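Structure first, then comments.
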Amino acid sequence: MSAHLTGFMIAFLGWIPPLAIYFAKRNTSPFVRHHAAEAANFQIMMLIPYVFTGVLYVGLGIFFGNLVWIGSLLIALVWILSIVFGVLGASGANKGAWYRYPFSIRLLK
C-alpha cells in the first residue's frame with residue numbers, strides 16, 4: 001500500500017520509493033512484488049507528462065510570461081491524476097485485490 005501512496009507524495013520523483021520497495025521485497029511476497037511493480041511502472045510512466053508539462057511551463061514562462069498559468073494548471077492536473085490512481089491502487093492493495101493501473105508501461109513484472 002505504501003508503494004502506491006508514496007508515488008504521488010514526491011511528484012516527479014515518485015518512482016523511487018516503489019522501486020525501492022520492489023527491490024527490497026520482491027522475493028518475499030508475490031502480492032507485494034505485484035503492487036510495488038505496478039506502482040513503480042505507473043510512476044515511471046508518469047515521468048513523461050511531468051517532463052512535458054515542466055518543459056511547457058518553463059517555455060511559456062520564458063517566451064509568454066502571461067500564459068505561464070497554463071503550464072501550472074497542466075502540472076496540477078498531472079499530479080491530481082497521479083493522486084487519484086495512487087489512492088485507487090492503495091485501496092486495492094489494502095483490500096487484498098491485485099490492482100492494475102488502467103494505463104501503464106509494464107517495465108517491471
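The values are calculated or read from the model by the stated rules, or taken from the named source; none is laboratory data. If you're wondering where the values come from, they're calculated on a predicted model, not measured in any experiment. Here the Cβ positions follow ideal geometry from the backbone for every residue, glycine too, while neighbour counts run over all protein chains shown. Remember, those area values only see protein heavy atoms, side chains included, never the ligands or the DNA or RNA. Shrake-Rupley method; radii C 1.70, N 1.55, O 1.52, S 1.80 Å.
Structure data summary
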{"read-out": "Values of log10 I(q)/I(0), in the order q = 0.20, 0.21, 0.27 Å⁻¹, for region 54-109 under a Debye, Cα-only, solvent-free model", "value": "-0.76, -0.79, -1.00"}
{"read-out": "At least 20 Å along the helix axis (C-alpha) and Kyte average at least 1.6, DSSP helices within the chain", "value": "68-95"}
{"read-out": "Accessible solvent surface per residue of the chain, calculated while the other protein chains remain in place, 1.4 angstrom probe, Å²", "value": "58"}
{"read-out": "Sequence-separation-based contact order of region 1-87, relative, with Cα cut under 8 Å and 6+ spacing, percent", "value": "32"}
{"read-out": "Signed unit charges on C-beta, dipole axis of the chain, positive-most listed residue Pro30, Val51, Ala97", "value": "Pro30"}
{"read-out": "Whole-number percent relative contact order across region 38-109, with pairs defined as alpha carbons under 8 Å at least 6 apart", "value": "47"}
{"read-out": "The chain - charge dipole about Cα centre, Lys and Arg +1 at Cβ, Asp and Glu -1, debye rounded to 20", "value": "440"}
